[in-house]
Structure formats: structure tokens, C-alpha cells
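Encoded as C-alpha cells, the structure appears first; notes follow it.
The values are calculated or read from the model by the stated rules, or taken from the named source; none is laboratory data. Predicted, not measured: the structure shown is a model, and the values here were computed from it. Positions of Cβ are backbone-derived with ideal geometry, glycine not excepted, and every protein chain shown enters the neighbour counts. With ligands, DNA and RNA removed, areas are computed over all heavy atoms of the protein, side chains included. Shrake-Rupley method; radii C 1.70, N 1.55, O 1.52, S 1.80 Å.
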Amino acid sequence: MAGGGDELKLLGMWASPYVLRVKFALSLKGLSYEYVEEDLMNKSDLLLSSNPVNKKVPVLIHNGKPVCESQVILQYLDEAFPGAGATLLPADPHERAVARFWAAFNDDTLVEASQAASWGKTEEERAEGEKKVVEALEKMEVGLRECSKGKPFFGGDTVGYLDVVLGGFLAWVRATDVMRGVKRFDPATTPLLAAWAERFVELDAAKAVMPDMDKMIEFGKVLQARAAAATN
Ligand SMILES: N[C@@H](CCC(=O)N[C@@H](CS)C(=O)NCC(=O)O)C(=O)O
């Protein structure tokens, strides 16, 4: 499906920020693929056999061979399809290392803090998560300044690795902002990130894959209710 006899299949879940980043990358690269929506409460045999280690989405299956972990998939797409659309990672090895550093920081710190802020078991846990989100975003603001060097995206003039990594997360940020009555990408505290987020959602590749916000908020409420029920 990707062209040149390549067959790409993406196992995903519509609201997953990790899946969304892979969808952004496939869209930016103009690669066509078959999308298979997984029910994470009742995983398919294909998912279980493709990712037997942690059974998580996304999994990209390229000509029958699975690639797991969203950041590994992004790197794989650059390497397996070098001629297709945008190259995500910079050519310079040091710039590449810096982009990977901030991407790891994003997943280790920001994602975890936002999960605690949204689904923490107690109000204290959620408030602590929210504090860590703000701290992590202030650091990401530094990352954006370092990577973009005054240009519009982390990748410079065009969208790169870190744009896609963080971009996958934007739909959740916006939905949970509404749910929690906060503004995470705040022009007052993180002006570069706030402007970046506005630019990112206007990209054709983002518009093509960004989930519907009302659906996202409804789903967020379901998860919140589930988290609250688990604490009682
Ligand atoms: N580090 C993984 C995280 C993937 C992940 O957490 N996926 C979630 C959906 S957002 C999942 O499949 N959860 C199902 C489960 O844990 O059983 C990546 O970057 O791909």
C-alpha cells in the first residue's frame, strides 16, 4: 500500500497520542497504509502476536514484519522510506541526538505528569501531576528554543521528529485543558510552545489525522470516571 510493492498496516487506537504521532508521520511522508483499530480491552490476535512483549499499540507492520514502540516506528519510517516526503530526524548527528533527547524527555516526563494530572487516584495526586506538567512544559520551551533556533518548528523551517512526537499529544492536551479548566500551552508562561501548538494544528498533516475534540473530551470523561471508580 505504501507504494513500490510495500505493504504497511498500522495497529492503533484512535485516541492514543502514540498512535497519533505515527499517523502524523505517515501523513507527512505521504505513505498509504491500512489502519486497524484495536479494542484494547479485547486485543486482536494480530496485536498479541505482533507485540507479544507489552501488547501495546502502535504497531506498524511492514511487509508482514512488525515494528513496535512509537518512537522506534518514527525512526524506522525515516530509514525504510528515505525518499518519501519529510525526513523527520535531522541529518547532523548532534542535532539528531538533541531531538532524541527531548523526545525521550517528553515521553518520560511530560506524558507521565499529564497522566497523573488527569487520572491520578486522589486530588492531591492530580494537583501534583499538574505541577509537574507545568515544570516539564517550561523545560520543553527551552527544548523548542534550542531545536528551532528561531524557526517555526522543532525541526526548523519544517516539521521534524520532535514536532511529531509532541504533536501526537496535542489533542489530549486540548481535551484535558477543557476538562480540567486549565491552559497548558499558555502564551504567558510558554510563548514559543503556545505559538508552536497553534501552527501545528493548522498543518494539513495534522488536520488529516487530529481526532474530533468533542469525541476526545467524551472519551476523557469516561477514563476519568473509570479512574475515579478504581479509587473507590
Ligand atoms: N511507549 C509506548 C507506549 C504505547 C502505549 O502506552 N500504548 C497504549 C495506548 S495509549 C496501549 O496500547 N495500552 C494498552 C495496554 O497497556 O494494554 C510507545 O511509545 O509506543
For the stretch 159-170, indicate whether the set of residues that are modelled with pLDDT of 90 or more, assigned to a loop (DSSP other than H, G, I, E, B), in the same structural domain as Lys131 (by TED's automatic domain parsing) and open to solvent by 20 Å² or more (accessible area, probe 1.4 Å) is non-empty.
no
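Given the residues Phe185, Phe200, Phe219, which is the only one that is of a type in the set (Phe, Trp, Tyr), in a helix (DSSP H, G or I) and in contact with an Asp or Glu (Cβ under 9 Å, 6 or more places away or on another chain)?
So the residue among Phe185, Phe200, Phe219 that is of a type in the set (Phe, Trp, Tyr), in a helix (DSSP H, G or I) and in contact with an Asp or Glu (Cβ under 9 Å, 6 or more places away or on another chain) is Phe200.
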Inter-residue pairs, beta-carbon under 7 Å, first within 15 Å of the ligand (Cβ to nearest atom) and in the stretch 6-35, second of a type in the set (Gly, Ala, Ser) and open to solvent by 10 Å² or more (accessible area, probe 1.4 Å), 6+ apart
Leu11/Ser50; Phe24/Ala205
Filter result (in contact with a strand residue (DSSP E or B) (Cβ under 9 Å, 6 or more places away or on another chain), assigned to a loop (DSSP other than H, G, I, E, B) and open to solvent by less than 20 Å² (accessible area, probe 1.4 Å)) within the stretch 12-56:
Leu31, Glu38, Asn51
Are any of the residues in the stretch 78-91 over 20 Å from Ser32 (Cα atoms), open to solvent by less than 70 Å² (accessible area, probe 1.4 Å), more than 11 Å from the ligand (Cβ to nearest atom) and within 20 Å of the chain's Cα centre (by Cα)?
yes
If you check Leu46 against the conditions, is it more than 9 Å from the ligand (Cβ to nearest atom), modelled with pLDDT of 95 or more, among the aliphatic types (A, V, I, L, M) and within 16 Å of Asp78 (Cα to Cα)?
no
Given the residues Thr122, Thr109, which is the only one that is away from the ligand (no atom under 15 Å from the Cβ), open to solvent by 40 Å² or more (accessible area, probe 1.4 Å) and of a type in the set (Ser, Thr, Tyr)?
Thr122
